[in-house]
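Participant: The structure's right below; bear with me while I get my questions together.
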Amino acid sequence: MLKRWEIGTPDSDAALTLSRQGGVTKLCAEVLVSRGMQSVRAASAFLDESELSDPFLLADMEKAADRIMAAVENGESICVYGDYDCDGVTATVMLTDWLACAGAEVRWYIPTRKEGYGLREEQIRQLADEGVQLIVTVDTGISAIEEAKLVRELGMELVITDHHRPGDEIPEAVAVVDPYRVDCPSPYKSLCGAGVVLKLIAALEGGDWEPALEQFGDLAALGTIADVVTLDGENRFIVKRGLELLANTERMGLLSLMAVCGIEEGEPISASAAAFQLIPRINAAGRFASAAIAAKLFLTDDPDEAQLLAAEIHSLNDRRRETEQEIMQEILHTIQENPQLICQRVLVFAGENWHHGVIGIVAARLMERFGKPCFLMAKEDEGYRGSARSFGDFSVFECLKACGDVLIRYGGHPGAGGFTVSEENLQAFLDGIQKFAAQEHSEMPVMTVHAERALSPRDLTVQNVDGLKILEPYGAGNARPLFALIGVTVSELYPLSNGQHTKLRLRKDGAAFDALLFRMAPEETGIMPGMTLDFLVSMEVRPYQGKPQLTVRVEDWRSSSSAQEQAIAAQFAYDAYQRGEQLPKPYYQRMCPHREDLVAVYQSVAGVPVSIAWICDRLQKQGMNRCRARMCADIFSELGLLAYDAATDRVKRLPVKEKRDLSASARYRAILELAK
């Protein structure tokens, strides 16, 4: 995967002034300046969390609170209707728990993934048959135009709380609380479903949000982190306070869930820990069984039941990871068998018996791995149901919209979407995806990552990194800072956790230090001792044996900035060639390998498999580029001399018993002809 790095060069004078006036470390000040906050006022506006604004500023909030309180006082049957993701689960639990404590006759309902998102006709009718008088939606309902009419026809009433953007029409309900309503005067819009419910509970408390936060801030923080809403203003306040409450929660279900994650009671919990340990397990319930399991976990007061439910969720999460890995391995095997698949502008894969609950996660992993938008589809009864992920200027939603005439249904936004296509329209859809990409993007976007600034080894100190904690919590709109280490030499690589991870011993300017590379074995990295590389790293300070210890984590690496741009251009040219697109004559001449190139590449591949990047780095002085190296690998693969693995971008030698003639390669003859 090739990424473009953007390395910031923050104004050192502005950073020094901000450091002195704001009382933050210089490195922290440099990060703030790199992100456009050059004054104490601007930095304070970001770092000082906004307290929650008056909940009654949300349109229809007073109507919602009055109707719900009337239902409580009159003993009406209330159903809280939620969604199956973490935000929906936490929002459902929060409102259900508050209503139960208020003495309401309350039940809750969360549809399964198989039933589908949102209010459903069959369930509305079932609730009416069971005597429900008021339905309150959380994290859903803003698009339920027809369903709202059905609720009224069946003699029930409806209160909607949601945070998704409404369409041109608002559902008919007693109240519709959504910060994105065009007529909503609330100053803060970016709340998740649980955040809206937190404000609803504050309204039910008469407008005082402090009791609501004390009782439900832990769950609201999880919902906010899980829904990847921007962590600024009120969301930053909710998450920061909520994580403090989470570390000292008395909620039996959360204690049991943290226990199976290995989080000790009272241990500080970061937004990253919540995002990567707690939230995936909550979502696993909805993906592989029913989100009702997670809701029951958070609503129970029975420690034995909580332990059983937490163990079940933990088991479901293990199953989720195994399923993801199985699908990923199947796709990687397909790529190994047909490398040309990853030369397409958009990666598209379909499979049978793929669990729909995880294909979105796998699509995101493939996008990160290969640096291209990715569409995955699982075969089901009515055809293929899929998820897509993208980045940059390539819009998943616009692509689906362009293919809308062959789709049964679709929805989403620029970065992600879902769709269903019939089997008879599958090929038309596949063609439509690539056609849209070619028409809208003569050159596809390159995945770009931002580093705050370049560091030297002497900057890697506990004090420097510890000073960055003021920026937490990290999340959407406030990513964990990344830094570049330029021209670092690799001394050694060591496997960790039975080869699952890698530790690198690095040195520069006489200083030696370690860095960790997760989810990749040493042999998979393509990094060899003696290579001089640039590294993109994140850093954190954690206690170890009672003392603070600095951990450096590798996020990406490259040969150099010039080699990176050359590699991106060369990869684009190679992909276009493999797609059969017409290229200017000089392109063919630059990608066509000379005999000495072929000899050098073959001689470079000896013993262990090596990466294309390593070959280019080693043969840089003779003008080797990524495109020409790939052509060499293709030619030798055709002749049975080398094997190229497109899934790992590595080449290995094959045993050879007799000589091969280069002229026997159709690929070699073809590129020679084009280069004439």
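Participant: Would you calculate, for the chain, the mean residue ellipticity at 222 nm contributed by helices, counting each DSSP H stretch of 4 or more residues as -39,500 (n - 2.57) and dividing by all residues, to the nearest 500?
Facilitator: Result for the chain: -13500 deg cm²/dmol, rounded to the nearest 500.
Participant: Would you please name the GluC sites (Glu not before Pro) within the stretch 1-100 that are DSSP coil residues with at most 13 other C-beta atoms within 10 Å of their C-beta?
Facilitator: Taking the stretch 1-100 and a limit of 13 other Cβ atoms within 10 Å, the loop GluC sites (Glu not before Pro) found are Glu51.
Participant: Here is a further query. So what are the three principal axis dimensions of the stretch 394-454 from its Cα atoms, in whole Å, longest to shortest?
Facilitator: 53, 23, 15
Participant: Give me the percent of accessible area attributable to carbon and sulfur for the stretch 534-620, probe 1.4 angstrom.
Facilitator: Ligands and nucleic acids excluded, carbon and sulfur reach 50 percent.
Participant: Compute for the stretch 102-242: radius of gyration divided by Kirkwood radius, i.e. Rg/Rh, restricted to C-alpha atoms, rounded to two decimals.
Facilitator: 0.97
Participant: Can you give the direction-averaged projected area of the convex hull of the alpha-carbon atoms in the stretch 454-517, in nm²?
Facilitator: Seen from a random direction, the Cα hull of the stretch 454-517 projects 5.7 nm² on average.
Participant: On a 0 to 90 degree scale, rounded to 10, what angle separates helix 626-639 from the longest Cα axis of the chain?
Facilitator: Relative to the chain, helix 626-639 is tipped by roughly 70 degrees.
Participant: Given the convex hull over the Cα atoms of the stretch 331-379, what projected area results after averaging over all orientations, in nm²?
Facilitator: 3.1 nm²
Participant: I've got another one for you. Binning at 5 angstrom from zero up to the longest distance, how are the C-alpha pair distances of the stretch 1-132 distributed in percent?
Facilitator: 2, 8, 12, 11, 11, 8, 6, 7, 9, 9, 8, 5, 2, 0
Participant: Where in the stretch 488-594 are there GluC sites (Glu not before Pro) that are in a DSSP coil and have at most 16 other Cβ atoms within 10 angstrom of their Cβ?
Facilitator: For GluC sites (Glu not before Pro) across the stretch 488-594 that sit outside H, G, I, E and B with at most 16 neighbouring Cβ atoms in 10 Å, the list reads Glu581.
Participant: Positive end of the charge dipole of the chain (Lys, Arg +1 and Asp, Glu -1 on Cβ, about the Cα centre): tell me which of Cys399, Met252, Thr90 has its Cα farthest that way.
Facilitator: Projecting each Cα onto the dipole axis, the largest value belongs to Cys399.
Participant: Let me ask another. For the stretch 326-437, which whole-number percentage of the solvent-accessible area (1.4 Å probe, protein heavy atoms only) is attributable to carbon and sulfur atoms?
Facilitator: 45 percent
Participant: Please state, to two decimals, what the Cα-based radius of gyration of the stretch 535-611 comes to when divided by 2.2 N^0.38 Å (N = residues).
Facilitator: 1.78
Participant: Got a number for carbon plus sulfur as a percent of the stretch 170-243's accessible area, 1.4 Å probe?
Facilitator: Accessible surface attributable to carbon and sulfur in the stretch 170-243 totals 51 percent.
Participant: Roughly how far apart, in whole Å, are the Cα centres of the stretch 649-676 and the stretch 274-292?
Facilitator: 49 Å
Participant: Over all Cα pairs of the stretch 230-346, how is the pair count split among 10 Å bins, expressed in % and running from 0 up to the last occupied bin?
Facilitator: Spelled out bin by bin, the stretch 230-346 gives 13, 34, 27, 16, 10, 1 percent.
Participant: Right, here's the next one. Quick check: the distance between the Cα centres of the stretch 110-129 and the stretch 575-610, to the nearest angstrom?
Facilitator: 57 Å
Participant: Can you give the net charge of the other residues whose Cβ lies under 14 Å from the Cβ of Arg152, counting K and R as +1 and D and E as -1?
Facilitator: That sum, taken over residues with Cβ under 14 Å, equals -3.
Participant: What does DSSP give for the chain in terms of the percent of beta bridges that are antiparallel, rounded to the nearest 5?
Facilitator: Antiparallel: roughly 65 percent of the beta bridges in the chain.
Participant: If you don't mind, another one. Give the residues of the stretch 622-642 whose amide nitrogen is closer than 19 Å to a point set 7 Å from the Cα of Leu674 in the direction of its Cβ.
Facilitator: 624-639
Participant: Once you have the Kirkwood Rh of the chain from its Cα pairs, apply Stokes-Einstein at 10 °C and 1.306 mPa s and quote D in µm²/s.
Facilitator: 57 µm²/s
Participant: What's the whole-number percent of alpha carbon pairs in the stretch 76-118 lying beyond 17 angstrom?
Facilitator: 30 percent
Participant: If you take the square roots of the eigenvalues of the alpha-carbon gyration tensor of the stretch 236-297 and sort them as a ≥ b ≥ c, do you get rounded (a/c under 1.5), prolate (a/b over b/c) or oblate?
Facilitator: Since a/c reaches 1.5 and a/b is larger than b/c, the shape of the stretch 236-297 is classed as prolate.
Participant: Report, to two decimal places, the Cα Rg of the stretch 307-454 normalised by 2.2 N^0.38 Å (N = number of residues).
Facilitator: Rg over 2.2 N^0.38 Å, computed on Cα atoms: 1.11.
Participant: Let me ask something additional. For the stretch 186-294, report the convex hull volume of the alpha-carbon atoms normalised per residue, in Å³, without decimals.
Facilitator: Per-residue hull volume (Cα only) is 104 Å³.
Participant: Please state the charge dipole magnitude for the chain, taken about the Cα centre, from unit charges on C-beta atoms (+1 on K and R, -1 on D and E), reported in debye and rounded to the nearest 20.
Facilitator: Using Cβ point charges on Lys, Arg, Asp and Glu, the chain gives about 4240 debye.
Participant: If you find the alpha carbon centre of the stretch 1-42 and of the stretch 492-520, how far apart are they in angstrom?
Facilitator: Using only Cα atoms to place each centre, the spacing works out to 28 Å.
Participant: In whole Å, what are the extents of the stretch 410-543 along the principal axes defined by its C-alpha atoms, from largest to smallest?
Facilitator: 62, 37, 32
Participant: Let's see if you can work this out: charge +1 on each Lys and Arg Cβ, -1 on each Asp and Glu Cβ, no other charges. What is the dipole magnitude of the stretch 39-121 about its Cα centre, in debye to the nearest 20?
Facilitator: Computed about the Cα centre, the dipole is about 280 debye.
Participant: Give the peptides 195-204, 348-357 in descending order of average Cβ contacts within 10 Å, highest first.
Facilitator: By packing density, highest mean first, the sequence is 195-204, 348-357.
Participant: Filter the GluC sites (Glu not before Pro) in the stretch 138-215 to those in DSSP coil with at most 12 other Cβ atoms within 10 Å of their Cβ, and list the result.
Facilitator: Glu169
Participant: For Val182, Val465, give me the order by solvent-accessible area with a 1.4 Å probe, most accessible first, ignoring ligands, DNA and RNA.
Facilitator: Order by accessible area, largest first: Val182, Val465.
Participant: Counting heavy atoms of the protein chains only and a 1.4 Å probe, report the per residue accessible area for the stretch 19-75 as a whole number of Å².
Facilitator: I get 50 Å² per residue for this part.
Participant: Per residue, what volume in Å³ does the convex hull of the Cα atoms of the stretch 63-171 enclose?
Facilitator: 95 Å³
Participant: Now for a different question. Volume per residue, Å³, of the convex hull around the alpha-carbon atoms of the stretch 23-88?
Facilitator: Here the figure is 179 Å³ per residue.
Participant: If the reach is capped at under 27 angstrom between alpha carbons, list the lysines near Lys240, excluding any in the same chain fewer than eight residues apart.
Facilitator: Candidates past the 8-residue exclusion: Lys26, Lys189, Lys199, Lys296, Lys469, Lys547.
Participant: Could you tell me what fraction of 2.2 N^0.38 Å the Cα radius of gyration of the stretch 597-676 comes to, as a two-decimal ratio?
Facilitator: 1.04
The values are calculated or read from the model by the stated rules, or taken from the named source; none is laboratory data. Here the structure is a predicted model, which is why all the values come from computation and not from measurement. In this analysis, Cβ positions are derived from the backbone assuming ideal geometry, glycine residues included, and neighbour counts consider all displayed protein chains. Heavy atoms of the whole protein, side chains included, go into the accessibility calculation; ligands, DNA and RNA do not. Shrake-Rupley method; radii C 1.70, N 1.55, O 1.52, S 1.80 Å.
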